[in-house]
Every structure is written in C-alpha cells, then in structure tokens.
1. In whole angstrom, how far apart do the alpha carbon centroids of the stretch 105-136 and the stretch 44-92 sit?
2. Could you tell me the ratio Rg/Rh of the stretch 257-356? Both radii from Cα atoms, Rh via Kirkwood.
3. Please state the relative contact order of the chain as a whole percent: Cα pairs under 8 Å, 6+ residues apart?
4. Taking a 1.4 Å probe, which of Leu134, Leu144 shows the most accessible area, and what order do the others take after it?
5. Take the Cα atoms of the stretch 167-273, find their three principal axes, and give me the spread along each one in whole Å, biggest first.
6. Compute the Cα gyration tensor for the stretch 47-150, then decide on rounded, prolate or oblate, letting a ≥ b ≥ c be the square roots of its eigenvalues: rounded whenever a/c is under 1.5, prolate when a/b is larger than b/c in the other cases, and oblate in all that remain.
7. Specify which residue in the list Ala153, Gln12, Leu49 is farthest towards the positive end of the charge dipole of the chain, using unit charges on the beta carbon of Lys, Arg (+1) and Asp, Glu (-1), about the Cα centre.
8. Just to confirm a number: summing +1 for Lys and Arg and -1 for Asp and Glu over residues other than Leu302 whose beta-carbon lies under 9 angstrom from that of Leu302, what do you get?
Amino acid sequence: MPLPAAFPTGLQSPDAFPAGLSALGHKPLVVCHNDADGLSAGAILLHALRRGGREPDVRIIGKGENAYSREFAQEIAGSEAEGMIIADLGVAPALPRPDLPTILIDHHVPTGLPEGALIVSGIHDSPIPTSSLLAYRCARAAGLADGLLWLAAIGLIGDLAENDGFPEMDEARKLGITALRKAASLVNAPRRTASGDASPALDLLLKADGPKAVLSGEHEETAQLLAAKDEVKRELNEARKIGPKVVGEVALVLFSSPTQIHPLVAQAWRGRIKDRIVIAANAGYRDGYVHFAARTAADRDLLAFLAEHQPPGATEQYGNGHRLASGGALTIPDWNQFIASLGFGREAQISPEKAA
C-alpha cells in the first residue's frame, strides 16, 4: 500500500486522526507500551478499529524492548499488517516500517519527526495529555469512542495521578474515582514483574466494561494482576531499605532486582530529596544492563542533563521521556562510564562479571 501523500507534516491534534485512519487498511498493527497509559491507549485503539470494521493485531512493547530498535524492525519486517499505530512509545526520527502508513500517538518529547507518519501529539498542550487521553480523543474524533472514557481515565491516573485540568477526567470521576485508582494500580503491576508480561492486563482491559469490572474478579486476569502486584510490593519493600549516595547534584540509589521498581524508588526519593536529581539504578533487571529512572523536584531539565552525560554506547533506550521524569538502560561498561562522569567512584560501579 503506498504511503498517503495527504499525511500532514509536523505535530497534529487528534482531529487529524479520522483522515489518517482511512490509510491503515483492513489489518493494522497496534503497538503500545506496557504501562497503564500505553495499555489503555492500546485498548481504546483496538476497540475503535474493530468498531470501524477492521481486524487489528496488537504488539505490546515489554521488558528491555524498544519500538524503534533494529530488533523490533526485523521482527515486523515480514508482518502482513497494512498499517500501524504506535502509541505511548515516543516519537523517533525513523519508523520501524517506513513502507507502512503509520500513526504515532504520544505525549513524550519527540527525538525527531519521521517522514511518512501522522504524528498526534499533546506536547504543546497545557496540561499535556497522556497517550491514552490522546487515543480517546482520536477515537472520539472518528465517532468510535462510546463507553471508552474509563480507559482514558485509567491511563491518565496511572501516568499522572489524575492531573487536574482535563475535562474528560472530570466526567470520568462519575464512574467512581476510587475504583479507577485501584484499577490503574492493578493494570500497572504486571509490566513491573520479573517476566514483564503485561498481556493479562491488556486482555482484562479489553474484556471489562469499566473499572469495577477490572476489580470484581469475574475475569481470571484480575487474579494474575493481584499476584503481580504482590511480587512487586515484596521487591519494593526490600529496595526501600537502601539509602542514597549523594555526589554533586545527584542522589543515587543503586540496587538489584528482577522487577521494574526503579521508577517507583526514584519517585519515592524525589519527594524526600527535593534539591537533587534522583537516579534509582537497577543492576538486576536485565542481564548485562543497568536500567535507571531519573526524577527531580528541582528546576532541572533531565533530558538536557542526560544528554550532557550521554556515554558513547547509549542507544534509543537512553534519555527519553519528560523534563522531570526520564531514565534509560545502559550496558554495564557504559553505565560505569556514565556514573563516573557524574563524579561517583567505585561504590557506584558495577562489576564487569555481571555483563557476562
């Protein structure tokens, strides 16, 4: 299928979505992040596409993966998809399948603007909407959003803790704010486990008709999500026993866990150390790598900070996100170089043997 010449360039509002939708063909591929925001965006888009008469496939980007990596591009090179929607995975200079009509729906700071794509972004809005809220607005613009507001609310709460200023959130509160908060927490849990498998969470969002159904236990996936939440809680309790090391403007919390708790650790210390950049680094999440989350309550642009200290081996998995919330993944040699550039010594180095 030829790329649509009518795709507008630059960042677009959700009002551009209906025109782009027509270019995706009968079997589009939805690619989404594995957190509550990305999964909710994915569920909204899958519902909308099916209501529009299409038969979409879905691919959740999980533990250690990136939608713009060479590995993912190779994976989908032979896909029969006729178009693609990438949600909550950033906006990068090049698409994984440049030959496919592609819609990007995202709220992160773009690292480039790829050609041949419709880019629906909220980066210039105030407040900045989540990807799930953008997906809901896209579906609403196409007349395909009935009954899907609760999904946008779960994504919004999961990503921003229900930041004020969104009229959709005011409306969603009528569905039960306590149930929405609990559902968002539950949906966020599986991607943080050692397996990182968030497919039960997406399956549950697609089966349920609201937040109370997510929590009710009528679907088997709820029990799986509760077990995931318990696993993460145990690991987080252990990591909370470790205090930070402070050098210059950085407070570093270094630990080892197979679960993705480094963002939670960073966020917790951010509230206690408000004049530093908090980096929570996890040397046990993936073999050969250190995954880290950076957070700050200070007036410091984390994207610029990480760019200043970027080691030469850093990939697309480094330094994305927001001014006040970023992070990345580095090989152990690159981590050691990165942390040395911040002024830390051997106490923050990872043994080369762990890279094997």
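1. Here the two parts' Cα centres lie 16 Å apart.
2. Rounded to two decimals, Rg/Rh equals 0.94.
3. Dividing the mean separation by the residue count of the chain yields 13 percent.
4. Result, largest first: Leu144, Leu134.
5. 49, 34, 17
6. oblate
7. With unit charges placed on the Cβ atoms, the residue in question is Ala153.
8. Result for the neighbourhood of Leu302: +2.
The values are calculated or read from the model by the stated rules, or taken from the named source; none is laboratory data. This is a predicted model, so every value here is computed, not measured. Quick reminder, even Gly has a Cβ in these numbers, built from the backbone with ideal geometry, and neighbours come from all protein chains shown. These accessible areas exclude ligands, DNA and RNA; they are computed on the full protein's heavy atoms, side chains included. Shrake-Rupley method; radii C 1.70, N 1.55, O 1.52, S 1.80 Å.
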